[in-house]
Protein chains: 2
Amino acid sequence: MPVGTQATVKGLTPGDLAELGVGIVLANAYHLHLRPGSEVVRRLGGLHSFMGWEGPILTDSGGFQVFSLAHLAAIDEDGVTFRSHLDGSLHRFTPERVMEIEAALGADIVMAFDDCAAFPCEKSPARAAMERTARWAERCAVAHARIQAEEPWPWRQRLYGIVQGSVYPELRRESARRLAELDLPGYAIGGLSVGEGKPLMLETLEVTVPEMPADRPRHLMGVGFPEDVVAAIARGVDLFDCVAPTRQGRTGAAFTRDGRVNVENAGFTEDDRPLDPECTCAVCTTWSRAYVRHLFKSREMLGPRLLSHHNVAFLIDLVSEARAAVEERRFEAWATRWTDRYTQTPAPEVSCTS
Amino acid sequence: MPVGTQATVKGLTPGDLAELGVGIVLANAYHLHLRPGSEVVRRLGGLHSFMGWEGPILTDSGGFQVFSLAHLAAIDEDGVTFRSHLDGSLHRFTPERVMEIEAALGADIVMAFDDCAAFPCEKSPARAAMERTARWAERCAVAHARIQAEEPWPWRQRLYGIVQGSVYPELRRESARRLAELDLPGYAIGGLSVGEGKPLMLETLEVTVPEMPADRPRHLMGVGFPEDVVAAIARGVDLFDCVAPTRQGRTGAAFTRDGRVNVENAGFTEDDRPLDPECTCAVCTTWSRAYVRHLFKSREMLGPRLLSHHNVAFLIDLVSEARAAVEERRFEAWATRWTDRYTQTPAPEVSCTS
């Protein structure tokens, strides 16, 4: 799912997303609560109406943002007090309050409020954050059920839990098992892609995913580089969100089947081929590498728009291919071939957070 | 015609423009010759292919930019030597060279290379610039005919002359008459909207337009605020180009039938109405003022895109209404009613140059 932190996938309209076959987008409760305000969004008809996207929306709870972006004032068992990164105003998030905020925003899937440990984190505080996340998830489930019973929207909102536990297999397994007891309709893996590096991320997935209910969607939060998506699907992940396609697009990096390339590359100056000759998106069927390069060299805003469009198309095509390979029981061969080709071009490691 | 100085109407795709009913776009020979290079554009199939726009394109000659944007090194009877505003490199434009550059770019309409006097300008240098513009237009016509005979493109490029003469009626009339002798397929009025103010601009149009051949398109360059377009149509102008809709859109100003408004207006915070309730563009039929305001307050790139889209739609609708009123011989009543309503909201004067 492309990320629309502030109720907009940067540079793209919902019409663009629908044309690309996007099935769901992510928005962020922390950001939207601070601006324009979750109650403002509710009065304007909820996120679907506000941003003009009729498809499913998932709101992240803001746990990650409260711990990484806001100026943290205090954390206690009941919740978190923090200052807005926008204007320094003081706010209080508790599991119950976050459920109210996400109810006001009106997404289809709402994430539980979690205590997201930074990386690196010693095992003892990582355990404390994991256990608090489990207790908060229980409180979220109770509050969510109460709020849903009051039916704020004509559709039912579904609560997903977030597995934490840093990179400690024992903590991840325990987190997954404790959340599973809540019998939620879906589960996410949080606290990865925060600087631990790809090998450790994949190792952690390998111990975590098998503990998550196989009959519920398993969402890996904040991961979306193509090679990571393929590796995570191989480890059982079903859903992804990440700013990568749009952030990379804004900064001039194009995903192609032969790896990631910088479109300002001098070699593109007179290159009349599409960014990715096998891509069927509107960008690749209309414009040349030379034109996209010209837009970036000229600092034209159409450049980031077109490259974001292409990169989202690329990921949608990628997961569509992966899904077909899974269904036809040829995933391993497909993934090996795909990854070998993509990683011929070495790409620097970049962490991916919204 | 929306302005695509660097072969892109800022923020919008050719598909967007076609959807809005745009019939022609402007690009700029000065900018495109410096970057990516007119011969590069030629090798990539010309501007239509390069920017993915199948409709008509007009290239401005760069006369205005050479005199206003570049670091002028020297002007003589033969041409102009200047340094690029991008990298300080030295270039030489003569009428013949500009015809070659515009032939390489491959637009449908190419403007003659003119000597564009700054404002204010004493009458004597204004006369000298006007006379030089007339002599250069003759040289352009000769060079253009020679180049067209070599058929660089499968389509025929048409040369338009540019009337100069600052704000001196006598010079404007003489310029228009001298250019008319060249029997060109169209004529433009240059050197207006450069700081002379609206009353003087309109007075100058009133003395200039009647001297221009009535059976050829009359193009007012660099003018595109809605109220100015209506006033200029009333004075016989047929074609316009201006960065106003996209530049205003990027900076948060929306054209509406009730005047220009700043979308960051606090009154829009919870306003669920469209920017202009009578507008049928995709922006007005999809999003609220509150959402567009949110995009600008959040510095989201979708904001400038949507507002540019709406503003272009607004001008296309405006000229379409004006055209119908002209055809049905009710233009004066329509223009009075339209202008009264639009100018209820006072708008600051802004000059409009690409």
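Filter segment A:49-72 for residues that are farther than 21 Å from A:A7 by Cβ and open to solvent by 60 Å² or more (accessible area, probe 1.4 Å); which is nearest to the other protein chains (Cβ to nearest Cβ)?
The qualifying residue nearest to the other protein chains (Cβ to nearest Cβ) is A:H71.
Just to be sure I understand, how many residues within segment A:310-330 are open to solvent by 10 Å² or more (accessible area, probe 1.4 Å), part of a helix (DSSP H, G or I) and either within 12 Å of chain B (Cβ to nearest Cβ) or not basic (K, R) (or both)?
Number satisfying all stated conditions: 9.
How many residues are more than 21 Å from A:S68 (Cα to Cα) and surrounded by 22 or more Cβ atoms within 10 Å (Cβ to Cβ) if we restrict to segment A:10-32?
Qualifying residue count for the region: 5.
Answer with yes or no whether A:F268 is under 21 Å from the mean Cα position of the chain (by Cα), on the phi < 0 side of the Ramachandran plot and open to solvent by less than 60 Å² (accessible area, probe 1.4 Å).
No, not satisfied.
Among B:L295, B:L307, B:L302, which is the only one that is within 14 Å of chain A (Cβ to nearest Cβ), over 25 Å from B:A234 (Cβ atoms) and touching a strand residue (DSSP E or B) at 6+ places or on another chain (Cβ under 7 Å)?
On inspection, the qualifying residue turns out to be B:L307.
Can you tell me which of (1) assigned to a loop (DSSP other than H, G, I, E, B); (2) touching a Ser or Thr at 6+ places or on another chain (Cβ under 7 Å); (3) in contact (Cβ under 8 Å) with a residue 12 or more places away in the chain; (4) within 14 Å of chain B (Cβ to nearest Cβ) is the one A:A290 doesn't meet?
Condition not satisfied by A:A290: (1).
State the number of residues belonging to segment A:224-270 that are touching a strand residue (DSSP E or B) at 6+ places or on another chain (Cβ under 8 Å) and not aromatic (F, W, Y).
Residues meeting the conditions: 21.
Please determine, by comparing only the residues of segment B:245-262 that are basic (K, R) and more than 13 Å from chain A (Cβ to nearest Cβ), which one is surrounded by the most Cβ atoms within 10 Å (Cβ to Cβ).
Taking the candidates together, the pick is B:R260.
What is the residue count in segment A:229-280 for residues that are in a loop (DSSP other than H, G, I, E, B) and in contact (Cβ under 8 Å) with a residue 60 or more places away in the chain?
Qualifying residue count for the region: 4.
Among the residues of segment B:6-48, which ones are within 12 Å of another protein chain (Cβ to nearest Cβ), within 27 Å of A:G15 (Cα to Cα) and not in a helix (DSSP H, G or I)?
Correct list: B:Q6, B:A7, B:T8, B:V9, B:K10, B:G11, B:L12, B:T13.
Out of all the residues in segment A:154-183, which are open to solvent by 10 Å² or more (accessible area, probe 1.4 Å), in contact with a Lys or Arg (Cβ under 9 Å, 6 or more places away or on another chain) and closer than 23 Å to A:I101 by Cβ?
A:Y160
Conditions tested, residue by residue: (1) surrounded by fewer than 19 Cβ atoms within 10 Å (Cβ to Cβ); (2) modelled with pLDDT of 95 or more; (3) closer than 22 Å to B:L34 by Cβ.
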site: B:A112; (1), (2), (3): no, yes, yes
site: B:A128; (1), (2), (3): yes, yes, no
site: B:E131; (1), (2), (3): yes, yes, no
site: B:V142; (1), (2), (3): yes, yes, no
site: B:R146; (1), (2), (3): yes, yes, no
site: B:P152; (1), (2), (3): yes, no, yes
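Against the conditions (1) assigned to a loop (DSSP other than H, G, I, E, B); (2) out of contact with any Pro (no Cβ under 7 Å at 6 or more places or on another chain); (3) open to solvent by 20 Å² or more (accessible area, probe 1.4 Å), where does B:G222 fall short? Just the number, please.
Of the numbered conditions (1) assigned to a loop (DSSP other than H, G, I, E, B); (2) out of contact with any Pro (no Cβ under 7 Å at 6 or more places or on another chain); (3) open to solvent by 20 Å² or more (accessible area, probe 1.4 Å), the odd one out for B:G222 is (3).
Among the residues in segment B:72-80, are any out of contact with any strand residue (DSSP E or B) (no Cβ under 6 Å at 6 or more places or on another chain) and either assigned to a helix (DSSP H, G or I) or among the basic types (K, R) (or both)?
No, that holds for no residue.
The values are calculated or read from the model by the stated rules, or taken from the named source; none is laboratory data. Keep in mind that what you see is a predicted model, and the values were worked out from it rather than measured. Note that we place each Cβ from the backbone using ideal geometry, even for glycine, and neighbour counts take in every protein chain shown. Protein only, heavy atoms only, side chains kept; ligands, DNA and RNA dropped before computing areas. Shrake-Rupley method; radii C 1.70, N 1.55, O 1.52, S 1.80 Å.
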